[in-house]
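Please treat every number below as a calculation from the coordinates, not as lab data. As the structure is a computational prediction, the values presented were derived from the model and not from experiment. Neighbour counts run over all protein chains shown; Cβ positions are idealised from the backbone, glycine included.
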Amino acid sequence: MTVRYRDGIHFEREGEARVVADARSAVGAVNVVSHAHADHTFRTPPETVVCSAETAAIAEARTGTAFEFVERAPGIELVPAGHVVGSRAAIIDLEAVGGLDGDRDRLVTDGPQRYCYTGDFSVRDRCYLEGFDPHAVAADALVVETTYGLPKYRFPPQDELEAAIADWLRENDDRPLFLFGYSLGRAQKLQWIARDTTGDERREILVSDTIGNVNRAIERATEGGLSFSGRPYDSLRGLTDEIVILPSNQARADWVETAVDRECGLKAGFSGWAVDDSFRYRGNYDVTFPLTDHCDFDELVETVRTIDPEVVYTQHGFDEAFAEYLETEHGYRARPLKRDQRTLEEFC
Ligand SMILES: [Zn+2]
């Protein structure tokens with residue numbers, strides 16, 4: 001049994017990809033999509049995907065491609081990952097995956113069998129989303145996303161953070177505010193904070209078409225359980241005190257800078273990277289907040305210690321530094337999963 005980072009994460013047994021997660025090519029016997037962010041979805045979906053109903057609906061709305069899905073499969077259990085609506089971590093029992101009953105007798109157990117693949121995750125309950133619960137996970141190998149795997153990435157408690165954002169929105173209620181975050185995730189949480197924590201029902205919330213499409217996909221996927229109040233933003237329109245929420249990749253776009261200048265607006269950026277001064281300059285933001293859909297450093301450490309696996313594989317961000325920290329400070333066998341690494345069998 002082994003795990004590799006190729007196109008997505010491959011969980012292999014006897015050289016065969018039994019489970020492939022978050023890849024562009026669905027080459028696994030079983031294929032998992034942890035959530036509907038573009039870098040985690042199959043370019044050409046396989047016959048059946050293991051994912052949540054919400055992920056299937058949002059991915060379909062974003063890509064225009066429908067696919068069959070199941071929320072359970074033999075050997076695979078999905079649990080809430082707390083990253084975005086529909087996101088799931090996968091608990092994978094490689095022995096039980098893909099109808100191996102016939103050859104079960106000759107199985108050689110050479111390494112971890114029960115993996116937890118977190119995908120992108122957050123342990124925090126925030127806005128309308130429940131956090132990932134590591135206490136609910138039993139696994140002897142953990143593949144963990146380590147975007148913020150350095151000690152400097154420690155974020156304030158969620159209630160403080162949301163209150164600080166709401167305060168800033170209220171303090172600047174006499175001018176248009178431009179807020180930037182990912183179209184799926186941050187953009188909905190910003191609408192929620194702007195509406196539900198400021199108590200300001202009067203102030204209009206406007207969103208880009210992309211964000212509006214994601215809003216509607218989530219509303220459909222949750223069958224009205226969630227709804228968002230953002231109305232379409234027309235960049236030529238004059239503004240007074242509106243809250244405009246736009247995708248973070250548009251923060252420096254000319255049309256945005258023009259509209260912000262013309263309307264005497266302020267720009268706010270939202271990301272864990274707000275801990276770094278450079279984030280503010282990159283987006284030309286007036287203010288930034290470390291609002292994120294990922295774990296901070298302490299939450300990553302606590303997740304590992306709670307699951308307490310025999311081996312930890314780190315992925316994304318500060319994967320090497322975090323693996324080294326786990327080894328030296330906490331005595332775990334840990335190593336980064338590097339893309340296209342030939343094998344992890346030399347690992348000891
Ligand atoms: Zn993501």
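From the residues LEU206, SER52, TRP168, which one has its Cα farthest along the dipole of the chain in the positive direction, the dipole being from +1 and -1 charges on Cβ of Lys/Arg and Asp/Glu about the Cα centre?
Among LEU206, SER52, TRP168, the one farthest towards the positive end of the dipole of the chain is LEU206.
Over what distance in Å are the Cα centres of region 186-258 and region 10-71 separated?
Centre-to-centre distance over Cα atoms comes out at 28 Å.
Compute and list, largest first, the equivalent-ellipsoid semi-axes of region 236-289 from the alpha carbon gyration tensor, each √(5λ) rounded to a whole angstrom.
Square roots of five times the eigenvalues give 21, 11, 9 Å.
Relative contact order of region 158-289, please, whole-number percent, based on alpha carbon pairs below 8 angstrom and at least 6 residues apart. Working shown, then result.
Numbers: 209 pairs, mean separation 42.8, N = 132.
Computed over region 158-289, the figure is 32 percent.
Starting from the Kirkwood Rh over alpha-carbon pairs, what translational D in µm² s⁻¹ does region 183-341 have by Stokes-Einstein at 10 °C and 1.306 mPa s?
Numbers: Rh = 18.4 Å.
My calculation gives 86 µm²/s for D.
Taking the dipole about the Cα centre of the chain, with the C-beta of Lys and Arg at +1 and of Asp and Glu at -1, give me whichever of ALA138, VAL301, LEU94 is farthest to the positive side.
The Cα lying farthest towards the positive end belongs to LEU94.
Restricting things to alpha carbons, tell me how big the chain is in terms of Rg and Dmax, in Å.
Radius of gyration, then largest Cα-Cα span, for the chain: 21.2, 72 Å.
Rounding to the nearest 20 debye, state how big the charge dipole of region 26-100 is about its Cα centre with +1 on each Lys and Arg Cβ and -1 on each Asp and Glu Cβ.
My answer is approximately 200 debye.
Arrange the peptides 61-68, 44-51 so that the one whose residues have, on average, the most other Cβ atoms within 10 Å appears first.
Highest-to-lowest ranking by the protection proxy: 44-51, 61-68.
Given region 270-332 reduced to its alpha-carbon atoms as identical point scatterers, what log10 I(q)/I(0) does the Debye formula return at q = 0.12, 0.20 Å⁻¹?
Taking Cα atoms of region 270-332 as identical point scatterers yields -0.40, -0.81.
Size of the dipole of region 201-348 about the Cα centre, Lys and Arg at +1 and Asp and Glu at -1 on the beta carbon, nothing else charged, in debye to 20? Before the final figure, lay out the partial values.
Values: 17 positive and 30 negative charges, 116 e Å.
Once rounded to the nearest 20, the dipole reads 560 debye.
Assigning unit charges at the beta carbon (Lys, Arg +1; Asp, Glu -1) and nothing else, what dipole magnitude in debye, to the nearest 20, does the chain show about its Cα centre?
My answer is approximately 740 debye.
Fewest to most neighbouring Cβ within 10 Å: what's the order for ASP7, ASP167?
ASP167, ASP7
Using all Cα-Cα distances in region 195-254, what percent lands in each 10 angstrom bin from 0 up to the longest?
Distribution as computed: 20, 46, 30, 4 percent.
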